[in-house]
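A quick write-up on the structure given underneath.
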Amino acid sequence: DNWPVSTMLDDTLELCEEHRTEKLTMFCEDHEKLLCHVCHLRNHKQFSEVVLLADKVKSDTQRMNVAQMSKTMEQLQKSLQDIVDREKQNKKSLKASYDLVLKEVLDLRRQINDNLDLLQQNTLRELETIHASTNASLEDHLQQCLLFISKLKGFGTNLKSNLPPERSFITFRKCLDHTAAADSLMNSMINNNGADIKLLPNSELLQCLADCTDLGKITSRIGGTQHDFHPNKIVSIHDKSQYNVHTATDSRESSITGICETSKGELVISDFYNCSLKLLNRAYTVIDQVKLPIYPWSMCNISSFEMAVTVSDKMTNPLNGIHFFQADNEKITQIKVLKINHKCYGIAYHDAELFVTSGTALYQYTMDGRLFKKLYDTSKDDTGDARLHFLGVGVSPDGKRIYVTDVINGKLLTLTRDRTVAASLQDPAFKHDYIRCKIQVAATGQVFVSCDKTISQVDADGKKILNTITLDVPYTGPVYLNENSRKLLLGFWFNNNTLEFKIKTNLT
């Protein structure tokens, strides 16, 4: 009587789930299992503790707690629905990452094709040069031989003629000179039995291609290979180098807010007050530059050739949003723009998800600009402080931890995906001008917070500072660590130079 009344009778409720045409009529006390007569005959006949359902429901030995059962089922349904929602999002994330990796594979193949085309052009250019040079040499020898034949033929005719003594002597001497020159020419050409051109294939290139089995390893979070990284390994630096990134079209000193790198080793940097992105080659020379409508605040890599840039000003602006660019073939090209209805400052990317700070909140977006959820909101703080708190954001390589900088209170917060604040690290160095507080999480897990004249390396749990790098340059901007080239790059505000440090630490 305690069960909710159903408006529709379920004809299958009393049927056995194993024997679909048989009704449930018994209950096995030993196995606590509902039985039909087929179940009883096949599997439970030998057990004596089998009772009829009509007798079971009359028994008071085990009362049914319907309310608790209903609550348990509701909780279980909610948990299952959460998993369904998560798996649906995972499917969207999987599709987005699949499309992204597919594009990366095609881009990599195109890059290889471009490099092979360049090798072919260089080889053909060398072929043309050698052919032209050899052909010119053969033509020169041919003309010299024909000239000697003509002259020697003429001298031979003159020798047979009845010439005066003086002319006869002159002819004889010229014959001697030309025959000596002809002999010398023939001696120099005596081994020229052929003038074929041959190709000696680049064995290293052929072996390299033969050794390769694919264009790259495909990994997945589900069953993927885990790299043996040590995110708490302290990074030590040495050998500082300085490079100028100012251009003739810049109206103000450079103020770098973001650094990204392509798979070719080229850098893309965002310049705040000059409202631009700059492409730098491996020698740190600016080879291309594009203008942005308003200030670029932060930047992150989306793929080996793509990056996302947040643009915003300090006021509400319809231009606020995320701009996507591709850097390839020594050019920067805009791909798309996502308009966001709030200010956009920090940005981080992980597995087809974008994490964006608005100054007062942290949002999680899909790659097509749909809001997935708001992860944190400082407007709910008891202090009522409406100033810009959250600016920098970074994500751990496994995607489980999200780091944000609270510049008003000088804190680094570490959040989990379920909005829990797992750690809060406060340091006076973290509290300063909000436009200069940057955070970077390396591919190997190292967490860096750039402060004024210092860079703090924080442990992966966000609970303590492992190391502080002191610099002699103020207004520190973004940090970028390349674990493959073992370099640490720094940008600055109001400074036309970037710094490169070599790192001593082996991170993998």
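The values are calculated or read from the model by the stated rules, or taken from the named source; none is laboratory data. Not measured: the values here are computed from a predicted model. Note that we place each Cβ from the backbone using ideal geometry, even for glycine, and neighbour counts take in every protein chain shown. Just so you know, the surface numbers come from the protein's heavy atoms only, side chains and all, with ligands and any DNA or RNA stripped out. Shrake-Rupley method; radii C 1.70, N 1.55, O 1.52, S 1.80 Å.
Could you state the number of Å between the C-alpha centres of region 105-179 and region 232-285? Computed from Cα coordinates, the inter-centre distance equals 54 Å. When the square roots of the Cα gyration tensor eigenvalues are ordered a ≥ b ≥ c, the ratio a/c for region 443-508 is 1.5 or more and a/b does not exceed b/c, which makes its shape oblate.
Accessible-area rank, largest first, for L163, L94: L94, L163, with all protein chains present and a 1.4 angstrom probe. Please work out the Kirkwood hydrodynamic radius for region 12-161, using every pair of different C-alpha atoms, and report it in angstroms with one decimal place. Value: 26.1 Å, from the Cα pair sum. With 29 Å as the limit on Cα-Cα distance, the pairs of K339/K463; K78/K411; K91/K336; K103/K400; K373/K463 that go past it are K339/K463; K78/K411. At a Cα cut-off below 30 Å, give the lysines reachable from K56, other chains included and same-chain residues fewer than 8 away excluded. Of all the lysines, those that pass the test against K56 - Cα under 30 Å, at least 8 places apart if same chain - are K23, K33, K45, K71. The distance linking region 451-502 with region 308-356 is 23 Å (Cα centroid to Cα centroid, whole angstrom).
A 1.4 Å probe run over the protein chains yields, for region 393-508, 37 Å² of accessible area per residue, whole-number rounding. The mean sequence separation of alpha-carbon pairs under 8 Å and at least six residues apart, normalised by the residue count of region 265-348, gives a relative contact order of 24 percent. Once the convex hull of all Cα atoms in region 146-190 is built, its volume per residue stands at 54 Å³.
Summary value for region 20-165: 11 percent relative contact order, contacts being C-alpha pairs under 8 angstrom separated by 6+ residues. Each peptide among 106-119, 465-478 gets the average number of other Cβ atoms lying within 10 Å of its residues, and from highest to lowest they stand as 465-478, 106-119. Working ranking of peptides 482-488, 36-42, 392-398 by packing, defined as the average number of other Cβ atoms within 10 Å per residue, highest first, is 392-398, 482-488, 36-42.
Over all orientations, region 400-468 has a Cα convex hull whose mean projected area works out to 4.4 square nanometres. Taking a span of 30 Å or more along the helix axis (Cα atoms) and a mean Kyte-Doolittle hydropathy of at least -0.5 as the rule, the DSSP H helices of the chain that qualify are 165-189. Per residue, the average separation of C-alpha pairs within less than 8 Å and at least 6 apart gives the chain a relative contact order of 10 percent. In summary, the lysines within cross-link reach of K174, defined as a Cα separation below 24 angstrom excluding same-chain residues under 8 places away, comprise K151, K153, K160. With the biggest extent put first, the Cα atoms of the chain measure 155, 70, 42 Å across the principal axes.
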